[in-house]
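The values are calculated or read from the model by the stated rules, or taken from the named source; none is laboratory data. These figures come from a predicted structure and were not determined experimentally. Neighbour counts are summed over all protein chains in view; Cβ atoms, including those assigned to glycine, are modelled from backbone coordinates with ideal geometry. Areas reflect the complete protein model, heavy atoms only, side chains present, ligands, DNA and RNA absent. Shrake-Rupley method; radii C 1.70, N 1.55, O 1.52, S 1.80 Å.
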Amino acid sequence: MTAVIAAKPLQAAVVATPAPPPSKDTWALDSSLPRLPVPSIRETLQRLKASCAAVGAPPAELAEFDRLADTAETELAAAQEVLNKRYHSQTNYIGPWWDEFAYLRQRESIVLTSNVFAVRDSDFGPSGQPRPPIRDKFRRAAMLMCESLLFRTLLASGSLPREAQGKSKMCMSQFKRYYCVRQPRAVVDGVCITPARDVRNFHVMYRGAHFIIKAVADDGKASLNYSELLECVKHGVKRLVFPAADECIGLMTTANRDAWANVWKELCITSLENADNLKLISTAISTICVDDKPVLSLKQGINRAAHGQAHNRWYDRSSLRIVAGNGVVVENGEHSPMDAIVSASTPIDTMIIRGKRATDAGDIDEPARPGFSAAAYVRVLNWEVTPAVKAAIRQAKKEHMDAVRLADIDTYAFDSYGRNLLREYRLNADAFVQQAMQLAFFRDRRKLVPVYESGSTRMFQEGRTEVIRALTTAQRAFILAMDNPEMPVAEKMKLLHAALARHAEVSAEAVSGRGIDRHLMTLKLAQTVVLRRPLPAIFGLKCVIESGQYLLLTSQMIGRLFVGGFAHPYADGYGCCYYLRPNAICMIVSGCTKEGHTSVERFKKQLTAAFHQLIELAKPVQQEDQVAVPEASSTTLSSVKKPQSKL
């Protein structure tokens, strides 16, 4: 049975948990994990003040913060009690509020503001040139389906290996939501979730047209093999009637959500076939998009994954798998019911490895069964498109292209050292990269900015993420010292290690449920939406507002066989998804050129200079002279030696 989340205030984004598969091994320990704690108001306000100090709030404003803090604690007492009751009455006190207010109420296009994207390392050579293992696009599409079926089997049987963070087990509940599609609704979107055992079909797009392949039998066990899937792909393509530019329904998934909601409603009213098409798409295993245009470079691949060929996409899908004309595979996903790492890292890594194992073992060489007829498994989706829908599609395409022209997305690889050397120097690798990014931003824009680093709270039941506020007073002191020629190198070293230590502390606070952003969000919702009371004056302070304006959006990713990221939607900032390889630091860096203040290429050069300078400063042997900044190293992500997977 498919769970569909209707659009209702405060309850709209409640992701209904599907019934578990027959085997519960993957989820067996979830209920034994602790619940996410509700911090006290006083603790949160103390940490908020520290964040205000880090952005450079003057003493007078910090004194005003202190004056208002006691009043705020009293005014928020009832809201805190609402959260305490939620803690005792549901598995996670944040729960559905996060899905709704962080994602589903967003009305702007999700493509460059919410979705995540990735490219596969193995599809590119040392200098970034494409080298897909299968160059025929239709054969590669069939191979992707085989990979997806292998992953479906793991989820349906509950045999996906549990994940851990160090010695701590992680909650796996989000994987119950893996087969999901966001659906446009007025005011707040819904989400359609189908349990793994109930997904049967693949949704295939080619030149803006759609067809469905029934890949799994009604009993949920038998499935088509590679040869049969390939026959189905070719049969479906032959039967397609390609739509005009203003009839490509997929373009609406790039649109403003209210505009898309209106079109969705119009499509369903216009014909029952339209409504059935949308249902089939929403309950598919995955959407496989086959493009004619090849991907000729790594940068082109990451941009194709992020926003390219939008007429041939369904961006509302959590698992959007794209095959370029030369067989290169890139990925995209809408992740409102799941963290980006859950929706991308484990599935992509697992599919690549399991698919390679199957290929090496010859499992995909099985021929089609005697008498197999692809026609019995393929259904072409035909649409009845009204003039109003056509007009909306034209507008959606224009707005999407306008947004794409402002997007600045590129890959970056620093290959002079990586995780191994940082460990040798006994440095916290994540904290080290955070110092380099802040230093690069400071030199690029001549200002220090609040940093959003995502931290996982999956050590708790139904945990999602918390913000690691990476800009601290210790980091501020260190960054300002770096360009002070009168500061002794030894003192800079001390400030660097103090900044690294403080980052480790705030990271531990965030992942252990003592961060402040999720608590502040739910306090505000309890105060304004549940209790219908005004917010305390403390939230109007300039320093409080500025402390939450994240011009650096960052996340350390754990994918071993791919690199991916997100687009930074704001004109003054950068997005950095980074990967700590054994001998390299790789990133997807994004920006927005709307105001002309940012340049990804310029920022990348500052990153290289920062990485060189910081490692010289951090060497175990103290340097006597002022550290010189070596020349920037130029390389590509694909030239970096990849670690061998042990999955």
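Pull up the stretch 299-319, narrow it to residues that are polar (S, T, N, Q) and within 14 Å of the chain's Cα centre (by Cα), then point me to the one that is farthest from V329 (Cα to Cα). Among them, the one singled out is S318.
Regarding the stretch 120-129, can at least one residue be identified that is on the phi < 0 side of the Ramachandran plot, part of a strand (DSSP E or B) and open to solvent by less than 20 Å² (accessible area, probe 1.4 Å)? Among the residues of the stretch 120-129, at least one is on the phi < 0 side of the Ramachandran plot, part of a strand (DSSP E or B) and open to solvent by less than 20 Å² (accessible area, probe 1.4 Å), which makes the answer yes. Taken over the stretch 134-159, the criterion of being surrounded by fewer than 16 Cβ atoms within 10 Å (Cβ to Cβ) and within 21 Å of Y206 (Cβ to Cβ) is satisfied by R135, D136.
The residue pairs whose first member lies in the stretch 454-472 and is assigned to a loop (DSSP other than H, G, I, E, B), whose second member is of a type in the set (D, E), and whose beta carbons are closer than 7 Å, counting only pairs six or more residues apart or on different chains, are T457/E466; Q461/D30; R464/D339; A470/E453.
Within the set L406, L427, the sole residue that is farther than 30 Å from W264 by Cα and aliphatic (A, V, I, L, M) turns out to be L427. Only one of the numbered conditions (1) more than 30 Å from I409 (Cα to Cα); (2) free of Cβ contacts under 8 Å to residues at least 24 places away in the same chain is not met by Q300, and that is (1). Does the stretch 501-509 contain any residue that is open to solvent by 40 Å² or more (accessible area, probe 1.4 Å), more than 15 Å from L552 (Cα to Cα), in a helix (DSSP H, G or I) and hydroxyl-bearing (S, T, Y)? No, that holds for no residue.
Just to be sure before I move on: is Q80 part of a helix (DSSP H, G or I), open to solvent by 30 Å² or more (accessible area, probe 1.4 Å) and not acidic (D, E) in the structure I sent? It is false that Q80 is part of a helix (DSSP H, G or I), open to solvent by 30 Å² or more (accessible area, probe 1.4 Å) and not acidic (D, E). Can you pull out every residue in the stretch 86-106 that is farther than 14 Å from V191 by Cβ, outside any helix (DSSP H, G or I) and open to solvent by 30 Å² or more (accessible area, probe 1.4 Å)? Across the stretch 86-106, the qualifying residues are Q90, T91. Please indicate, with yes or no, whether at least one residue in the stretch 88-109 is closer than 22 Å to R42 by Cα and either of a type in the set (S, T, N, Q) or in contact with a Pro (Cβ under 9 Å, 6 or more places away or on another chain) (or both). Within the stretch 88-109, one or more residues are closer than 22 Å to R42 by Cα and either of a type in the set (S, T, N, Q) or in contact with a Pro (Cβ under 9 Å, 6 or more places away or on another chain) (or both).
Every residue, every condition in (1) among the acidic types (D, E); (2) open to solvent by 60 Å² or more (accessible area, probe 1.4 Å); (3) closer than 18 Å to L155 by Cα, yes or no:
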site: E331; (1), (2), (3): yes, no, no
site: I348; (1), (2), (3): no, no, yes
site: I352; (1), (2), (3): no, no, yes
site: M401; (1), (2), (3): no, yes, no
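The residue of the stretch 532-556 that is farthest from Q435 (Cα to Cα), among those that are among the β-branched types (V, I, T) and open to solvent by less than 30 Å² (accessible area, probe 1.4 Å), is I538.
Take the residues in the stretch 313-342 that are among the small types (G, A, S) and in contact with a helix residue (DSSP H, G or I) (Cβ under 8 Å, 6 or more places away or on another chain); name whichever of them is farthest from M205 (Cα to Cα). Full working, then the answer.
The first filter runs over the stretch 313-342 and keeps only residues among the small types (G, A, S), leaving 318-319, 324-325, 327, 333, 336, 340.
From what's left, in contact with a helix residue (DSSP H, G or I) (Cβ under 8 Å, 6 or more places away or on another chain): 318-319, 324-325, 327, 333, 336.
On the way: S318: 15, S319: 13, A324: 12, G325: 13, G327: 15, G333: 15, S336: 23 Å.
Going through the qualifying residues, I end up with S336.
Looking at the structure I just gave you, is R162 touching a Lys or Arg at 6+ places or on another chain (Cβ under 8 Å), basic (K, R) and surrounded by fewer than 17 Cβ atoms within 10 Å (Cβ to Cβ)? Against the criterion (touching a Lys or Arg at 6+ places or on another chain (Cβ under 8 Å), basic (K, R) and surrounded by fewer than 17 Cβ atoms within 10 Å (Cβ to Cβ)), R162 qualifies.
Taking the listed residues A164, A141, the one that is small (G, A, S) and without any contact (Cβ under 8 Å) to a residue 12 or more places away in the chain is A164, with no other qualifying. Among the residues examined, A60 does not qualify as among the small types (G, A, S), farther than 27 Å from G463 by Cβ and either in contact (Cβ under 8 Å) with a residue 40 or more places away in the chain or not in a helix (DSSP H, G or I) (or both). Would you please name the residue that is nearest to the chain's Cα centre (by Cα), looking only at residues in the stretch 354-373 that are surrounded by 15 or more Cβ atoms within 10 Å (Cβ to Cβ) and not in a helix (DSSP H, G or I)? Only one residue fits best here, namely A368. For the stretch 374-390, taking the residues that are aliphatic (A, V, I, L, M) and part of a helix (DSSP H, G or I), the one that is farthest from I281 (Cα to Cα) is identified as A388.
Matching residues to (1) touching a helix residue (DSSP H, G or I) at 6+ places or on another chain (Cβ under 8 Å); (2) part of a helix (DSSP H, G or I); (3) over 20 Å from T608 (Cβ atoms):
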position	(1), (2), (3)
G513	no, yes, yes
Q527	yes, yes, yes
L535	yes, no, yes
C543	yes, yes, yes
G559	yes, no, yes
G564	yes, no, yes
H568	no, no, no
Y579	no, no, no
S590	yes, no, no
